Each structure stands twice: as C-alpha cells, then as structure tokens.
Amino acid sequence: MTSRNPLRSPVGKKLITGITGLLLTGFVIVHMVGNLAMFSGSEAYNEYAHFLMSLGPVLYLFEFGLVAFFVFHIVNGIQIAIGKRRARPVAYDTYKSAGGMSRQTSSSRSMIITGVVMAVFLVLHIASFKFGPGGPGNADAAYMTSIDGVEMRDLAKLVEEKFSTPLYAFGYTAVMLLLVIHLRHGIWSALQSLGAMRPSLTPAVYTIGSLIGVLIGLGFIALPMAIYFNLL
Ligand code: HEM
C-alpha cells in the first residue's frame, strides 16, 4: 500500500534527506572554522568554546535542532537505501557504473557505508569531547582553566592530548576522508532533489560540491595533523 503523506514517499524522503543534509553541512562548516581557532592559540580556542557554552538556552535549542536534523537525515537516508535495494535487488558488488555523465558512481553507492561510519563516529566523538573530562556530568579540575579571571573548561588541553595519540590523529583523518566522500556526493544529490539544478548545470554543481567537500575535509584534518606533528 502506498503512503498518502507526500513526505513519506520516496521523493519526500529524498527531499528531507537533502534539506537536512544541507543544514548539517552548514553546521559542519561552522564547526570546522571554529576548530581552526586552535591555530590562534589555546586561549582563543577555550574562549570560543566558553562563549558557545555561555549561550545557555540558545545553545540547547541549537543542539536540540542538530539532533533532530541528524535523526531525520539518518532515518530517511537508511530508508532510501533500503528502498533502492528492494527495487533493484542486484548485489552492490556486481553493480556496474552507469558511466558517462551519470553520477551513479562509487560515491553514491557508498553513501550508506560512509553515512553509517559517520554516525558511529559521531557518538564516539561527542562522548570523547563534549562529555569528556571537564564536560557536562564529568567535572575534572585538571581540565579547567582561568582566563582573565574567568573559570572555563580547558578544552584545548583535551584536544591536544587526544590528537597527540596516533589512534585519534590518524583515526580522525581517515573518518574525515570518508566525510569528504559523503559530502561530495551528498551536496550534489541534495541540490538535485531540491530541483536547484538544470541538467546543463550538473557538471558545475558536482565540481562545486566536490570542492566544498574537499575544503571541509582539509579544514578538519589540519588540526589533528598539526597537533600530532607538533606544528601548532
Ligand atoms: C578534526 C575534526 C574534529 C574536531 C577536532 C572536533 C572537535 C570537537 C570538540 C572539541 C567538541 C566539543 C565542543 C564543546 O563541548 O564545546 C565537538 C563537538 C561536536 N562535534 Fe566535532 N570535531 C571534529 C569533527 C566533527 C565532525 C566531522 C562532525 C560531524 C559530522 C562533528 C560533530 C560534532 C557535534 C555534533 C558536536 C556536539 C556539538 C554540541 O553539542 O554543541 N565534529 N567537536
């Protein structure tokens, strides 16, 4: 039986995944740029993080929206992948590229894999940093600092400690490369779902999507690598 709710239709699900994906890309860009504050020094980074924390209810509202976007994005993304498999029960490893200008490349087929890895990463990432030492529910005086008489969390210390280990430095770098693959196809696919593209624009939009994905990935990778190789 087909659903009457247009948002539950395959097109509706693609739209939801696309819109939430673009909003999440916006968050990821802001987060990446925020991380770069570490290049201005530990104090600048801690002050930035402290400023975000000081937003109180505004931050909670933002975090609530973020969780909702992630949930909608992941649930609809998985449903699209399951729908595609049902409609075309050919194993992925025997699935030949459509070739030519088709974007049905390894990127689109790997969306679900990169997406699931990102979701697992996200849970571990938030547990390590947001709820790590000195974070909510995890008070630790060793991870507190004082800048101009204001007590705040020493998030810079935690970030430096984590990325001094090969596991975090190279593990994060590997996940960020998957993020590039996910964004590269995701941005194009989202714009296509939104109908923001005419076929003549396809190559340009795909190039721009790829470029944005690569820039975000490089921006994120810079910090773990700089810390690990003592370049900060
Ligand atoms: C090198 C890469 C990254 C670094 C160094 C990093 C660093 C951090 C740190 C230090 C926090 C804690 C912030 C705080 O408690 O104030 C955090 C939170 C967070 N990060 Fe990342 N992050 C990275 C990549 C990513 C990526 C790729 C994503 C998403 C795909 C992501 C999503 C989040 C989310 C959702 C939060 C929680 C934000 C909140 O609740 O306010 N991070 N990150």
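How about region 1-89: which trypsin sites (Lys or Arg not before Pro) there are in a DSSP loop, with at most 11 other Cβ atoms within 10 Å of their Cβ?
Numbers: sites: ARG4, ARG8, LYS13, LYS14, LYS84, ARG85, ARG86; in loops: ARG4.
For trypsin sites (Lys or Arg not before Pro) across region 1-89 that sit outside H, G, I, E and B with at most 11 neighbouring Cβ atoms in 10 Å, the list reads ARG4.
Using each residue's phi in region 115-122, evaluate 6.51 cos²θ - 1.76 cosθ + 1.60 at θ = phi - 60° and report the 3J(HN,Hα) Karplus result to the nearest Hz, with x for Gly and Pro.
x, 5, 4, 4, 5, 5, 4, 4
Which ordering of PHE72, PHE220 is given by a fewest-first count of other beta-carbon atoms within 10 Å?
Ranking PHE72, PHE220 by Cβ neighbours within 10 Å, fewest first, gives PHE72, PHE220.
Output the peptides 73-80, 204-211 sorted from most to least packed, where packing is the average of other Cβ atoms within 10 Å over each peptide's residues.
Details: 73-80: 18.2, 204-211: 15.8.
The densest-packed peptide leads the list: 73-80, 204-211.
Efficiency by 1/(1 + (r/R0)^6): what FRET value for ASP140 and ARG198, r their Cβ-Cβ distance, R0 = 45 Å, to the nearest 0.05?
Working: r = 55 Å, r/R0 = 1.22.
About 0.25, to the nearest 0.05.
Can you list the residues, at least 5 places off or on another chain, whose amide H is less than 5 Å from the amide H of MET144, using H built in the peptide plane?
ASP154
In nanometres, what is the gap between the two model label sites at VAL116 and LEU59, each 7 Å from Cα along Cα-to-Cβ?
About 3.4 nm separates the two model spin labels.
Please report Rg over Rh for region 6-228, where both radii come from the alpha carbon positions and Rh follows the Kirkwood definition.
On the way: Rg = 19.5 Å, Rh = 19.2 Å.
My calculation puts Rg/Rh at 1.02.
Which residue, LEU59, LEU24, LEU179, has the most motion in a Gaussian network model of the chain that connects Cα atoms within less than 10 Å?
LEU59
Just to check I understand the Karplus step: with θ = phi - 60° and J = 6.51 cos²θ - 1.76 cosθ + 1.60, what whole-Hz values come out for region 137-150, glycine and proline as x?
Using θ = phi - 60°, the values come out as x, 9, 4, 7, 4, 5, 10, 10, 8, 10, 10, 6, x, 9 Hz.
Any read-out appearing in this document is the output of simple, stated calculations on the displayed coordinates, not a laboratory observation. Since we're looking at a predicted model, the values are computed, not measured. Positions of Cβ are backbone-derived with ideal geometry, glycine not excepted, and every protein chain shown enters the neighbour counts.
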